[in-house]
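Working notes for the structure below.
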Amino acid sequence: MEKEELWKTVQEVWKIEISSIEELATTVDKDSIFRVVEMIADCKNNNGRVITMGIGTSAATARKIAHTFSCIEIPSFFLSPADSMHGGLGAVQRNDIVIAISKGGNTKEIINVIPSLKKKEVKLIGVTENENSILGKECNLLLKVKVKREADEFNMLATSSTIAVISLFDAIAIFLMKYTDYTKEQFAIIHPGGAVGERLLKEVTNDEKDESSSI
């Protein structure tokens, strides 16, 4: 295969994935996003945590979401659904929220956890493309994310669907920052390392100097 043909393949992947993000504005229920933000904000106010779950590529997505939330002072962590069935569910408590990600909504490991979550009275947010799946029907709040196609030629590899879910929760995280009045100073406290931490330290220090000089 010639380089130019390979380059066209690369561009086509980007085109499909960009399209999957753009479609979110018309396919995801706006009210559901507002409810998710309210639920997570209330969860934090009640000293709860956000626990994300997924298997396979969905697990990688769930880990990313948990890290993003932690970066904005929403205590979050990833919990393997498989490990949950062997005692891991002890980490999940009544005031917590579980975000379970399953493209088809019938992932066995996810479904097996649902009865225990209900007994523990934990709120469940289901992220799936199939509202008629077990997850879609059993969750407290559904976030339906469905893309037209994956980026590979077989329409099987979790690519554009993964990008869409991550983009949705990136938007929710930014929404939460505004909703909770999250500040740059708060971010500087929990992110002192790396280039971002160095930049934040300078900006916060300069802001404090500007404030003191104006008094």
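Taken over region 180-191, residues that are closer than 16 Å to Pro75 by Cβ and assigned to a helix (DSSP H, G or I) amount to 4. Looking across region 39-56, just one residue is part of a helix (DSSP H, G or I) and surrounded by fewer than 12 Cβ atoms within 10 Å (Cβ to Cβ), and that is Asn45. Would you confirm whether any residue within region 14-25 is touching an Asp or Glu at 6+ places or on another chain (Cβ under 9 Å), assigned to a helix (DSSP H, G or I) and over 21 Å from Ser161 (Cα atoms)? Within region 14-25, none of the residues are touching an Asp or Glu at 6+ places or on another chain (Cβ under 9 Å), assigned to a helix (DSSP H, G or I) and over 21 Å from Ser161 (Cα atoms). Could you go through region 100-107 and let me know if any residue there is modelled with pLDDT under 95 and touching a Leu at 6+ places or on another chain (Cβ under 9 Å). Checking region 100-107: not a single residue is modelled with pLDDT under 95 and touching a Leu at 6+ places or on another chain (Cβ under 9 Å). Might you let me know whether region 42-53 holds any residue that is assigned by TED's automatic domain parsing to the domain that holds Met177, touching a helix residue (DSSP H, G or I) at 6+ places or on another chain (Cβ under 6 Å) and either over 20 Å from Lys120 (Cα atoms) or free of Cβ contacts under 8 Å to residues at least 40 places away in the same chain (or both)? No; the residues of region 42-53 include none that is assigned by TED's automatic domain parsing to the domain that holds Met177, touching a helix residue (DSSP H, G or I) at 6+ places or on another chain (Cβ under 6 Å) and either over 20 Å from Lys120 (Cα atoms) or free of Cβ contacts under 8 Å to residues at least 40 places away in the same chain (or both). When region 144-193 is limited to residues that are among the charged types (D, E, K, R) and under 28 Å from Trp14 (Cα atoms), the one that is surrounded by the fewest Cβ atoms within 10 Å (Cβ to Cβ) turns out to be Glu153. Screening Gly197 against (1) out of contact with any Asp or Glu (no Cβ under 9 Å at 6 or more places or on another chain); (2) small (Gly, Ala, Ser); (3) modelled with pLDDT of 95 or more leaves a single unmet condition, (3).
The values are calculated or read from the model by the stated rules, or taken from the named source; none is laboratory data. What you see is a predicted model; the values in this text were computed from it and never measured. Ideal geometry is used to build each Cβ from the backbone, glycine not excepted, and the neighbour counts take in all protein chains shown.
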